[in-house]
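As structure tokens, the structure follows; a few thoughts come after it.
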Amino acid sequence: MGFADFFKNFKKDERALPKEAPSHWIKCPSCNALMYYKEVVAQHYTCPKCNFHMRIGLQDRIALMCDEGSFIEFDKDLAPNDPLDFVDKKSYKKRVEEYAKKCGRPSSVVSGECTINGIGAQIVLFDFNFMGGSFASVEGEKIVRAIHRAIQNKQGLVIVSASGGARMQESTYSLMQMAKTSAALNILNDAHLPFISVLSDPTMGGVSASFAFLGDLIMAEPGAIIGFAGARVIKQTIGTDLPQGFQTAEFLLEHGLIDMIVQRKDIKQTIAKALQYLKVEY
């Protein structure tokens with residue numbers, strides 16, 4: 001399943017929370033258990049019965065990972081242009097305006113500086129609610145600027161991915177961001193500064209094929225779907241059935257493609273320790 005499929009089916013995705021959160025009960029999409037909604041929120045949107053990790057909103061993600069009041073956003077006014085004058089059922093410009101109004105920002109990426117258990121870091125977070133977390137020129141620019149700030153401030157970099165892949169409305173301009181971000185990360189590596197990549201559900205397409213798998217440490221949330229092309233496309237291409245659990249975080253860990261799976265409740269502490277261990281002073 002590529003970005004177009006994710007975008008098409010997003011409203012039907014069981015991991016996505018209702019637009020208006022219920023005031024009392026919620027049903028787990030995995031085990032069907034009925035739970036008090038506030039209990040789920042208190043456990044960072046994980047099921048207390050089966051540990052199913054639901055998708056989490058951007059502000060909740062910031063609150064989860066950053067020390068309270070420490071997050072400072074940069075480049076928040078960077079917005080896409082329309083280099084191809086792209087139009088399908090509506091213009092690209094109109095789509096961006098609609099999602100900016102819905103999400104309160106003109107991009108699927110939020111970048112900034114924060115402390116994580118007292119350790120300063122640059123952090124980039126994808127918002128899947130903005131056009132499926134799609135990756136285009138503005139998103140790439142925000143990531144590169146965050147990398148340069150990390151080098152300037154001698155800090156580690158954390159990127160939390162949640163994306164269907166490159167944004168088709170910008171065509172090659174989107175694909176160029178794969179090389180652009182990868183080249184910038186090489187400069188970060190030369191500066192002996194750590195990059196921690198966090199893969200949440202989903203991490204697909206051009207995001208997984210570039211910076212998301214270039215981390216010094218690659219961690220994923222339980223059950224996250226991670227890959228390049230969707231399982232259906234791969235099955236049609238190779239003409240054979242795929243292994244059970246294909247493209248889940250657990251499958252990738254078993255086959256050595258990621259370093260660890262971290263429970264959401266433990267992710268902040270794990271990142272803080274990793275930033276300490278991986279930072280090398282020269």
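The values are calculated or read from the model by the stated rules, or taken from the named source; none is laboratory data. None of these values were measured; they are calculated from a predicted model. So basically every Cβ, Gly included, is an ideal-geometry build from the backbone, and we count neighbours across all protein chains shown. What goes into the accessible areas is simple: the full protein's heavy atoms, side chains included, and nothing from ligands, DNA or RNA. Shrake-Rupley method; radii C 1.70, N 1.55, O 1.52, S 1.80 Å.
Please work out if G112 is at pLDDT 95 or above and in contact with a Phe, Trp or Tyr (Cβ under 6 Å, 6 or more places away or on another chain). So G112 passes the test.
Within the stretch 245-258, which residues are open to solvent by 70 Å² or more (accessible area, probe 1.4 Å) and in contact with a helix residue (DSSP H, G or I) (Cβ under 8 Å, 6 or more places away or on another chain)?
Correct list: L257 only.
Please state which one of D88, D82 is within 23 Å of V144 (Cα to Cα) and either in contact with a helix residue (DSSP H, G or I) (Cβ under 7 Å, 6 or more places away or on another chain) or open to solvent by 40 Å² or more (accessible area, probe 1.4 Å) (or both).
Details: D88 fails: within 23 Å of V144 (Cα to Cα).
None of the others qualify; the one that does is D82.
Considering (1) over 30 Å from V233 (Cα atoms); (2) open to solvent by 40 Å² or more (accessible area, probe 1.4 Å); (3) modelled with pLDDT of 55 or more, the lone condition that C31 does not fulfil carries the number (1).
With the condition kept exactly as written, say whether any residue in the stretch 185-197 is part of a loop (DSSP other than H, G, I, E, B), of a type in the set (F, W, Y) and in contact with a strand residue (DSSP E or B) (Cβ under 7 Å, 6 or more places away or on another chain).
Residues of the stretch 185-197 that are part of a loop (DSSP other than H, G, I, E, B), as a first pass: 191-194.
Filter again for of a type in the set (F, W, Y), leaving none.
No, the stretch 185-197 contains no residue that is part of a loop (DSSP other than H, G, I, E, B), of a type in the set (F, W, Y) and in contact with a strand residue (DSSP E or B) (Cβ under 7 Å, 6 or more places away or on another chain).
Here R61 meets each of (1) in contact with a helix residue (DSSP H, G or I) (Cβ under 9 Å, 6 or more places away or on another chain); (2) buried (at least 19 other Cβ atoms within 10 Å of the Cβ) with one exception, condition (1). On the stretch given as the stretch 170-204, residues that are under 25 Å from M54 (Cβ atoms) and open to solvent by 10 Å² or more (accessible area, probe 1.4 Å) total 1. When G57 is tested against the conditions (1) more than 24 Å from E250 (Cα to Cα); (2) touching a residue at least 12 places away in the same chain (Cβ under 8 Å); (3) not aromatic (F, W, Y), the lone failure is (1).
The set of residues in the stretch 60-73 being out of contact with any Lys or Arg (no Cβ under 7 Å at 6 or more places or on another chain) and touching a residue at least 12 places away in the same chain (Cβ under 8 Å) consists of D60, R61, I62, C66, D67, S70, F71, I72, E73. Restricting S161, S107 to residues that are at pLDDT 95 or above, out of contact with any Ser or Thr (no Cβ under 7 Å at 6 or more places or on another chain) and crowded, with 23+ Cβ neighbours inside 10 Å narrows the list to S107. Taking every residue in the stretch 132-150 that is free of Cβ contacts under 8 Å to residues at least 60 places away in the same chain and pairing it with any residue that is open to solvent by 10 Å² or more (accessible area, probe 1.4 Å) and of a type in the set (S, T, Y), at least 6 positions away or on another chain, the pairs with Cβ-Cβ distances below 8 Å are A136/Y173; S137/Y173.
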